[in-house]
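What follows draws every value from the coordinates through simple rules; no lab data is involved. In this text, all values refer to a predicted model and were calculated from it rather than measured experimentally. As a convention, Cβ positions derive from the backbone with ideal geometry for all residues, glycine included, and neighbour counts pool all protein chains shown.
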Amino acid sequence: MSERIHPIASLLAAIARGISGVQVQWAGCEPDDRQRIYFANHTSHLDFVVLWSALPSEIRAVTRPVAAKDYWEETPLRRYLAENVFHAVLLERGSPGKAKNSDEAHFVGRHLIEDMASALGERNSLILFPEGTRGTGEKIASFRSGLYHLALRRPDVELVPAYLENLNRILPKGEFLPVPMLSLLTFGKPIQVVSGEEKDIFLERAREAVSSLRRIGPA
Amino acid sequence: MFEALRDPKLVWLFGGVLSLLVISSVIGSILRNRQKPGTSRTTIDNLNARIRAWWKMCAIFTTAILVGRVGSLILFAILSFLAMREYMTLVPTRRGDHRTLFWSFFVIMPLQYYLIGIQWYGFFAIMIPVLAFVFVPTSIAIAGDTEHFLERAAKIQFGIMVCAYCLSHAPALLLLKIPGFEGQDARLLLYLVIVDQMSDVLQYVWGKLIGKHKIAWRVSPNKTWEGFLGGVLSATALGTALWWATPFTPLESAGLSFTICILGFCGGLVMSAIKRDIGIKDFGVVIEGHGGILDRMDSLCFAAPIFFHLVRYYFVP
């Protein structure tokens, strides 16, 4: 759906690259225009833009971020950035948990997976932060189950782990001015759900795939 | 722009640098071709990579000097920024240092270069050692995290001192009003950089050729007495031979270039100790492709402020 890159998106990507001085390493796979879900650790507002900017531009044009609806629809500017500039897939964060009973939770959860699956469509890729929220960078929180269900729903899509290092020091949660330190972004080897694999085991394995890409260690 | 080219002595200096680069490139390729297949090539590949990097650095530096005072100032401001970026990335800081670091990068460092630009010597000399010294620990204290407080304040202050304050003394040479040397100050900056960097290069070359006895093997296994003495003496000889480009007599030039070489060595040694402490080999190695600006500048960081003050004390009335 988003074949053309919005000029503001390109501008923000260039700024994010400059501020983060990011060095990109494709350690487990190569850039490819096949459909993928890039999933990474989440510590900073820069995470998505830096990861997105690291992709070649023809892949960038079909790669959309998955983001929290409550946050990104709060102000007109955020809404504009999310919807028009980056064509984000906005989801109701944590809503299965808020449901009155497990049936309803199941229903809402299914709904979110369907939203992501239809955003993938025929040719799009997604950028997903399965922790669901930004952490401090010391350790990666446990993953939400969306990644697992989406992987089962779309087994044809490659799951690529990525580790964003040092961005928590460049623009941590709660700050709005960045410190221009250097950062690293490592793409790892794609993973798959093994047939019959249980949800929690897969999610832990996915988390491990991300954290094993850490290169310098905790700051 | 390019007014500098009307100064024949400056053109001679540039010509000298250019011929050195050509000669070293020729030597580099001869060594590469003479290498027997199958033997280890790392030293020679490393040498050729260094020579290529030198071509680029000299091109950038020459352009900056040709643009004039503002060009040199902007170049050194960028070098300070890149050096400080490498330093702060690798030195452990905590979340509570964030705003202090923001100020260091975007206010203190640019202000230091702005003060050179407006030629306000008095403020330039005290801004970081006095004002930033008070500001850094205060702003960390306000952020409220007291864990490792003294270490964090000291590490940040040291980084600002080395990367912004010390390095800024190189372009600050353009502030000095030496009688009879008006309008030729670009050569003084070039002299400092040539002697300092050639001292590094010659220490490396002498060390590779005849180096045996280690000076401080715990800190820097590559530094040997042979490399040190050979490098310092030959770079001092080079500096002495360049007296015609400076306001100095040959004897003064010998003394000053010897000082530059010794201090350059001290800077390299101190930075090696810091790298050892953090647990890395080069500031540029962990972040590949970001070339280790601080690894190149470490000797200049120590040589520039002392050279500046010696010249100011003895040659500026």
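Observations
- For the peptide A:174-180, the mean number of other protein chain Cβ atoms found within 10 angstrom of a residue's Cβ is 6.
- Cross-link table B:Lys214/B:Lys275; A:Lys173/B:Lys275; A:Lys139/A:Lys189, entries beyond 22 Å C-alpha to C-alpha: A:Lys173/B:Lys275
- Under 17 Å of direct C-alpha separation, and excluding same-chain neighbours fewer than eight residues apart, B:Lys177 reaches these aspartates and glutamates: B:Asp185.
- With the simple spin-label model, which puts each label point 7 Å out from Cα in the Cβ direction, the A:Leu77 to B:Cys266 separation comes to 4.9 nm.
- R0 of 35 Å, Cβ-Cβ distance B:Ala237-B:Gln119: FRET efficiency to nearest 0.05: 0.55
- Protection proxy ranking of B:262-272, B:83-93 - average other beta-carbon atoms within 10 Å, highest first: B:83-93, B:262-272
- Taking 0.36 nm per residue of sequence separation and removing the Cα-Cα distance, the B:Trp217/B:Ser25 pair yields an extension gain of 66.1 nm.
- DSSP bridge orientation in the protein assembly as shown - percent antiparallel, rounded to nearest 5: 25
- Averaged over the residues of peptide B:80-89, the number of Cβ atoms from other protein chains lying within 10 Å of each residue's Cβ is 3.
- Counting charges near A:Tyr80 (Lys, Arg +1; Asp, Glu -1) among other residues having Cβ under 15 Å from its Cβ returns a value of 0.
- Distance between the pseudo-spin-label points of B:Phe158 and B:Lys208 (7 Å out from Cα toward the beta carbon): 3.1 nm.
- In the protein assembly as shown, helices alone account for a calculated mean residue ellipticity at 222 nm of -17500 deg cm²/dmol, with every DSSP H run of four or more residues adding -39,500 (n - 2.57).
- Neighbourhood net charge (13 Å Cβ-Cβ; Lys/Arg +1, Asp/Glu -1) for B:Leu21: +3
- Charge dipole of the protein assembly as shown about the Cα centre (unit charges at C-beta), most positive-ward option of A:Ser211, B:Gly71, B:Ile306: B:Ile306
- Amide H contacts under 5 Å for A:Leu159, placed H, 5+ residues apart: A:Ile37, A:Ile191
- Size estimate for segment B:183-317 follows the Kirkwood approach: the inverse of mean 1/r over distinct Cα pairs works out to 15.4 Å.
- For segment B:76-168, the Cα-based Rg and Dmax, in that order, read 12.7, 40 Å.
- Whole-number D in µm² s⁻¹ for the protein assembly as shown, Kirkwood Cα-pair radius fed into Stokes-Einstein, 25 °C, 0.890 mPa s: 94
- 3J(HN,Hα) from dihedral phi, segment A:183-191, Karplus parametrisation 6.51/-1.76/1.60, rounded to Hz, x for glycine, proline: 9, 10, 10, 10, 9, x, 7, x, 10
- Electrostatic tally near B:Lys214: other residues with Cβ closer than 15 Å to its Cβ, Lys and Arg +1, Asp and Glu -1, net +4.
- Mean Kyte hydropathy of -1.0 or more with a Cα span along the axis of at least 30 Å, helices from DSSP in chain B: B:8-34, B:42-67, B:69-90, B:185-210, B:250-278, B:293-315
- Relative contact order (%) - chain B, alpha-carbon pairs under 8 angstrom, separation at least six: 18
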